[in-house]
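Undergrad: First the structure, then my questions, so here it is.
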Amino acid sequence: MNANDRVAIVTGAGGGVGRAISKRLYADGAKIVIVGRDLTRLNSFAREFDDENRLLAIKADITKETDVVNVIEQTMSTFDRINILINNAGTINEPKPFHLMSEDDWAPLIGTNLVGTLRTTKSVLPIMMEAKAGNIVNISSLLGIRAIPRVPLSVYGVTKAAVIMFTRSIAVEYGPYGVRCNCIAPSTIRTQSIEPYLEDEEARTILESTFPLRRIGNAEDIAGAVSYLCSGDANWITGVVMTVDGGISAKQ
């Protein structure tokens with residue numbers, strides 16, 4: 001298939017990483033379906049693209065099955081195929097000791113990071129199986145691999161670890177149908193949600209010094225990894241967890 005014939009769904013497209021991934025895949029020639037809960041933000045983002053025939057913006061909450069079904073139906077109605085799914089939508093909580101967390105604290109983490117990923121993946125698999133080809137990339141986190149001392153994000157880490165195992169299971173189960181499934185596990189990425197923590201120049205410098213590459217990651221770093229995993233150069237890669245972390249996991 002020509003790269004220009006591919007159709008990619010990107011969840012969480014209203015955030016910094018989702019925007020970067022969408023722009024990169026669009027630049028690679030794909031038609032893009034941007035999905036998010038804030039339609040105003042999505043429509044504003046959509047105006048940054050120069051070809052409206054290659055773009056579809058859909059408001060959806062991936063924790064709701066009816067919204068996910070609507071995304072799939074609209075995508076198929078508009079583009080008649082789904083080649084790529086990027087499970088990027090996610091949420092994180094303020095660090096909080098586990099024994100102080102309530103079910104109301106952890107339910108959004110499980111609902112979005114894990115159940116939402118399961119739901120969108122389940123919805124595209126029959127389409128990919130019929131086509132005998134498909135590419136799924138899940139965005140996890142380095143916190144799904146290791147815990148950070150004095151940063152209590154236990155349930156967030158659990159959801160991201162589950163995404164990693166889910167990736168491997170889907171890769172094995174659906175590889176015979178030509179479906180690839182891989183995972184990216186980023187470390188600290190500079191997005192709007194962490195900007196307040198970077199305003200202190202001394203604190204930012206200390207944080208940056210912990211990375212062998214001496215900088216915090218940016219959204220484009222994740223987008224580049226996604227682009228590679230969705231390219232023909234990665235045709236024999238499935239079930240992998242790619243750490244995009246400035247080298248920090250290599251020293252710990």
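The values are calculated or read from the model by the stated rules, or taken from the named source; none is laboratory data. On a predicted model such as this, the values are computed, not experimentally measured, just so you know. Glycine also receives a Cβ, built like all others from the backbone with ideal geometry; neighbour counts cover every protein chain displayed. What goes into the accessible areas is simple: the full protein's heavy atoms, side chains included, and nothing from ligands, DNA or RNA. Shrake-Rupley method; radii C 1.70, N 1.55, O 1.52, S 1.80 Å.
Undergrad: State whether the residues of the range 97-104 include one that is among the charged types (D, E, K, R), at pLDDT 95 or above and within 28 Å of residue 149 (Cβ to Cβ).
TA: Here is the first cut: in the range 97-104, the ones among the charged types (D, E, K, R) are 103-104.
After this cut, where a residue has to be at pLDDT 95 or above as well, the list is 103-104.
Checking the rest, the ones that are also within 28 Å of residue 149 (Cβ to Cβ) come to 103-104.
Within the range 97-104, one or more residues are among the charged types (D, E, K, R), at pLDDT 95 or above and within 28 Å of residue 149 (Cβ to Cβ).
Undergrad: Any idea which residue in the range 130-178 is modelled with the highest pLDDT, counting only those that are in contact with a Pro (Cβ under 9 Å, 6 or more places away or on another chain) and more than 29 Å from residue 220 (Cβ to Cβ)?
TA: 154
Undergrad: Among the candidates 226, 241, which residue alone is closer than 25 Å to residue 149 by Cα and buried (at least 16 other Cβ atoms within 10 Å of the Cβ)?
TA: Details: 226 fails: closer than 25 Å to residue 149 by Cα.
None of the other options fit; the residue is 241.
Undergrad: Which of the residues spanning the range 81-106 are of a type outside the set (S, T, N, Q) and free of Cβ contacts under 8 Å to residues at least 12 places away in the same chain?
TA: The initial filter retains those residues of the range 81-106 that are of a type outside the set (S, T, N, Q), namely 81-82, 84-86, 89-90, 92, 94-101, 103-106.
Scanning the range 81-106 gives 94, 99, 100, 103, 104.
Undergrad: Just checking, which of 11, 40 is among the hydroxyl-bearing types (Ser, Thr, Tyr) and over 19 Å from residue 189 (Cβ atoms)?
TA: Numbers: 11 fails: over 19 Å from residue 189 (Cβ atoms).
Residue meeting the stated conditions: 40.
Undergrad: Looking at this structure, is residue 93 at pLDDT 95 or above and on the phi < 0 side of the Ramachandran plot?
TA: Values: at pLDDT 95 or above: no; on the phi < 0 side of the Ramachandran plot: yes.
When the stated conditions are applied, residue 93 does not pass them.
Undergrad: Considering 131, 89, which residue is within 19 Å of the chain's Cα centre (by Cα) and aliphatic (A, V, I, L, M)? Even if it seems obvious, please write down each step before you answer.
TA: Details: 131 fails: within 19 Å of the chain's Cα centre (by Cα).
89 is the lone residue from the list that is within 19 Å of the chain's Cα centre (by Cα) and aliphatic (A, V, I, L, M).
Undergrad: Which ones in the range 66-86 are part of a helix (DSSP H, G or I) and touching a Lys or Arg at 6+ places or on another chain (Cβ under 6 Å)?
TA: Filtering the range 66-86 down to residues part of a helix (DSSP H, G or I) leaves 66-79.
68, 79, listed by residue number.
Undergrad: For the range 14-46, how many residues are open to solvent by less than 50 Å² (accessible area, probe 1.4 Å), in a helix (DSSP H, G or I) and not aliphatic (A, V, I, L, M)?
TA: 5
Undergrad: Moving on to the next point. When you look at residue 195, is it open to solvent by 80 Å² or more (accessible area, probe 1.4 Å) and over 16 Å from the mean Cα position of the chain (by Cα), yes or no?
TA: Numbers: open to solvent by 80 Å² or more (accessible area, probe 1.4 Å): no; over 16 Å from the mean Cα position of the chain (by Cα): yes.
It is false that residue 195 is open to solvent by 80 Å² or more (accessible area, probe 1.4 Å) and over 16 Å from the mean Cα position of the chain (by Cα).
Undergrad: In addition: Give the range 213-223 a look and list any residue that's more than 17 Å from residue 148 (Cα to Cα) and open to solvent by less than 70 Å² (accessible area, probe 1.4 Å), or say none.
TA: Let us first name the residues in the range 213-223 that are more than 17 Å from residue 148 (Cα to Cα), namely 213-215, 217-223.
Correct list: 217, 218, 219, 221, 222, 223.
Undergrad: Out of the residues in the range 1-13 meeting the condition of being crowded, with 18+ Cβ neighbours inside 10 Å and of a type outside the set (A, V, I, L, M, F, W, C), tell me which one is farthest from residue 68 (Cα to Cα). Spell out the reasoning first.
TA: We begin by selecting, within the range 1-13, every residue crowded, with 18+ Cβ neighbours inside 10 Å; these are 6-13.
Narrowing further to those that are of a type outside the set (A, V, I, L, M, F, W, C): 6, 11-12.
Values: 6: 20, 11: 10, 12: 13 Å.
Restricting to residues being crowded, with 18+ Cβ neighbours inside 10 Å and of a type outside the set (A, V, I, L, M, F, W, C), the top hit is 6.
Undergrad: Sticking with this structure for a sec: Within the range 47-57, take every residue that is open to solvent by less than 70 Å² (accessible area, probe 1.4 Å) and within 28 Å of residue 188 (Cα to Cα) and give me the one that is farthest from the chain's Cα centre (by Cα). Please lay out each step first, then the result.
TA: So in the range 47-57, the residues open to solvent by less than 70 Å² (accessible area, probe 1.4 Å) come out as 49, 51, 54-57.
Within this subset, residues satisfying the condition of being within 28 Å of residue 188 (Cα to Cα) are 49, 57.
Values: 49: 20, 57: 17 Å.
In this case the residue turns out to be 49.
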